[in-house]
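A quick write-up on the structure given underneath.
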Amino acid sequence: MKLAIMQPYIFPYIGYFQLINAVDTFVIYDNIQYTKKGWINRNRILVNGKDEYFTLPLKKDSDFLNIDQRNLADTFPQDRIKLIRKITEAYRKAPYFDLAFPLVNAIINTEEINLFRFIYRSVVQVCEYAGIKTDIVISSTVNIDHQLRNQDKVMALCQALGADIYINPVGGVELYSKETFKEKNIGLKFIQSTPVEYPQLKHQHVPWLSMIDVMMFNSKEDIQKMLNAYTLK
């Protein structure tokens with residue numbers, strides 16, 4: 001059984017969903033520390049031909065809390081109106097706007113205020129839209145020692161869920177040892193996304209934007225093809 005593990009990200013890029021699609025079970029971390037200035041609650045969309053960040057604002061709290069202990073800001077009911085307006089203006093002329101926007105709108109308008117649950121639901125819903133059938137498991141529900149860190153925690157999750165192959169983004173080549181995984185009878189592979197290009201109206205292609213961009217400019221059939229545009233090392 002193939003398994004992958006990642007932090008939750010809001011509307012992540014296509015490579016995140018390629019990883020989910022490449023495995024049988026995908027574990028999404030909820031009980032690890034929230035990191036500032038990362039991609040957990042922000043991403044990029046195309047605005048007038050250039051990439052522009054959007055962010056889910058968070059309630060001020062301790063920097064040491066886990067992702068599942070953080071909440072969206074009290075101002076989010078107003079902020080989401082601005083975000084939806086921004087996305088609408090940016091993509092209203094995109095060929096698949098009428099198909100993709102209802103999903104994006106529903107995700108942003110959910111009444112959930114917990115950061116992890118908000119993002120988790122968005123990942124699940126985008127997977128359903130894209131036809132990804134992978135089982136998605138929340139890390140804290142797995143019976144392991146959750147005080148373990150890094151590679152040790154990954155291997156414990158693999159063993160607890162019965163995985164014999166662990167797949168990680170290629171950026172983790174320096175973080176994990178194939179020999180150490182082999183000692184636990186787990187194969188280790190790294191996924192490398194193949195660059196994909198698609199028309200973004202009349203603009204020069206801006207790569208690796210949020211999945212919002214992919215859904216707005218591509219049919220579900222084309223998205224399915226993109227999900228398999230990767231190599232395993």
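Quick note: the coordinates plus some simple rules give every number you see, no bench work behind them. In this text, all values refer to a predicted model and were calculated from it rather than measured experimentally. Here the Cβ positions follow ideal geometry from the backbone for every residue, glycine too, while neighbour counts run over all protein chains shown.
Put simply, the amide H of VAL137, placed in the peptide plane, has neighbours under 5 Å in PHE26, VAL27, ILE28, leaving out anything fewer than 5 places away on its chain.
Estimated from the Cβ-Cβ distance and a Förster radius of 22 angstrom, the FRET efficiency linking GLN147 and GLN69 is about 0.85.
Within the same chain, lysines fewer than 8 places from LYS37 are excluded, and of the rest, those with a Cα less than 23 Å from its Cα are LYS50, LYS59, LYS60, LYS82, LYS86.
Loop-located trypsin sites (Lys or Arg not before Pro) in the range 1-68 (DSSP state not H, G, I, E or B) with no more than 15 neighbouring Cβ atoms inside 10 Å: LYS36, LYS37, LYS59, LYS60. Charging the Cβ of each Asp and Glu at -1 and of each Lys and Arg at +1, and nothing else, the dipole of the range 91-199 about its Cα centre rounds to 100 debye. A simple spin-label model places pseudo-atoms 7 Å from Cα toward Cβ; at ILE138 and THR194 they are separated by 3.7 nm.
For the chain, return all DSSP H helices satisfying: extent of Cα atoms along own axis at least 15 Å; mean Kyte-Doolittle hydropathy at least 1.6. Before the final figure, lay out each step's value.
Numbers: long enough: 76-91 (22 Å, -0.56); 97-108 (16 Å, 1.78); 115-130 (23 Å, 0.71); 150-161 (17 Å, 0.16).
Correct list, ordered by number: 97-108.
Here Cα extents along the principal axes in Å was computed from the coordinates, and among (i) 53, 40, 27; (ii) 52, 39, 37; (iii) 46, 45, 37 the match is (i). A straight Cα-to-Cα reach below 28 Å connects LYS133 with the lysines LYS2, LYS153, LYS178, LYS182, LYS184, LYS189, LYS220, LYS225, LYS233, residues fewer than 8 places away in its own chain not being considered.
The charge dipole of the range 17-118, taken about its Cα centre with unit charges on the Cβ of Lys, Arg, Asp and Glu (plus for the first two, minus for the last two), comes to roughly 480 debye. Here's the picture: charge each Lys and Arg Cβ at +1 and each Asp and Glu Cβ at -1 in the range 64-127, and of ASN71, PHE97, VAL123 the one pushed furthest to the positive end of that dipole is PHE97.
Projected label points at ALA229 and ARG121, each 7 Å from Cα along the beta carbon direction, are separated by 3.1 nanometres.
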